[in-house]
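Let me begin by presenting the structure, written as structure tokens, before commenting on it.
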Amino acid sequence: MNVLIEDKKWSLYEEAIRNDVCAYCCEMGEDGQCHRDSSQECGVRKYLPKLIDIAHRLENDMNMDDYLRAVRFEICNHCDNQREDGTCDVRDSVNCALDRYLSLAFDAVATVRAGKQ
């Protein structure tokens, strides 16, 4: 199932990610701009639609353990950085923004879903 997100709701998700994830990201400069190496796309931003989709499918049973399992299965399994055995040097070296900030992204998505944004 792919959740269609109306423009207004999408902007709420983007705002929540900016406020609740980007604000704490080590790549965020004092100027308020992302200074991530342009050769590496931010996993949180890249996979935001999928993160939202996973949250919608988990509905009321949404908890961090189930969310992490779903992200590993639906996103990480298709990432070029992850090996067939499920290991990932990028994730293990804490260079995967998606993995590093997943709990913050989880909370940001949950906040918008609950209408608290």
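When Val112, Val90 are screened for being β-branched (Val, Ile, Thr) and in contact (Cβ under 8 Å) with a residue 40 or more places away in the chain, only Val112 passes.
Just give me the residues in the stretch 41-92 being polar (S, T, N, Q) and on the phi > 0 side of the Ramachandran plot, in sequence order.
First, the residues of the stretch 41-92 that are polar (S, T, N, Q): 60, 63, 77, 81-82, 87.
Within the stretch 41-92, no residue meets the criteria.
The residue that is nearest to Asp99 (Cα to Cα), counting only those in the stretch 1-60 that are free of Cβ contacts under 8 Å to residues at least 60 places away in the same chain and of a type in the set (S, T, N, Q), is Gln40.
In this structure, does Val71 turn out to be surrounded by 13 or more Cβ atoms within 10 Å (Cβ to Cβ) and more than 12 Å from the chain's Cα centre (by Cα)? No; evaluated as a whole, the condition is false for this residue.
Scanning the stretch 58-91 for residues that are farther than 19 Å from Arg36 by Cβ and acidic (Asp, Glu) returns Glu59, Asp61, Asp65, Asp66, Glu74, Glu84, Asp85. Among residues belonging to the stretch 98-117 that are buried (at least 21 other Cβ atoms within 10 Å of the Cβ) and part of a helix (DSSP H, G or I), point out the one that is farthest from the chain's Cα centre (by Cα). Restricting to residues being buried (at least 21 other Cβ atoms within 10 Å of the Cβ) and part of a helix (DSSP H, G or I), the top hit is Val112. When the residues of the stretch 69-93 are filtered to those that are assigned to a helix (DSSP H, G or I) and of a type in the set (A, V, I, L, M, F, W, C), the one that is farthest from Arg18 (Cα to Cα) is Phe73. Residues considered: Leu51, Leu12. Of these, the only one that is under 12 Å from the mean Cα position of the chain (by Cα) and under 24 Å from Lys116 (Cα atoms) is Leu51.
Report, by residue number, each residue of the stretch 9-68 that is part of a helix (DSSP H, G or I), aliphatic (A, V, I, L, M) and modelled with pLDDT of 90 or more. The answer is Leu12, Ala16, Ile17, Ala23, Val44, Leu48, Leu51, Ile52, Ile54, Leu68.
The values are calculated or read from the model by the stated rules, or taken from the named source; none is laboratory data. Bear in mind that the values here come from a model prediction, so they are computed numbers and not experimental data. Ideal geometry is used to build each Cβ from the backbone, glycine not excepted, and the neighbour counts take in all protein chains shown.
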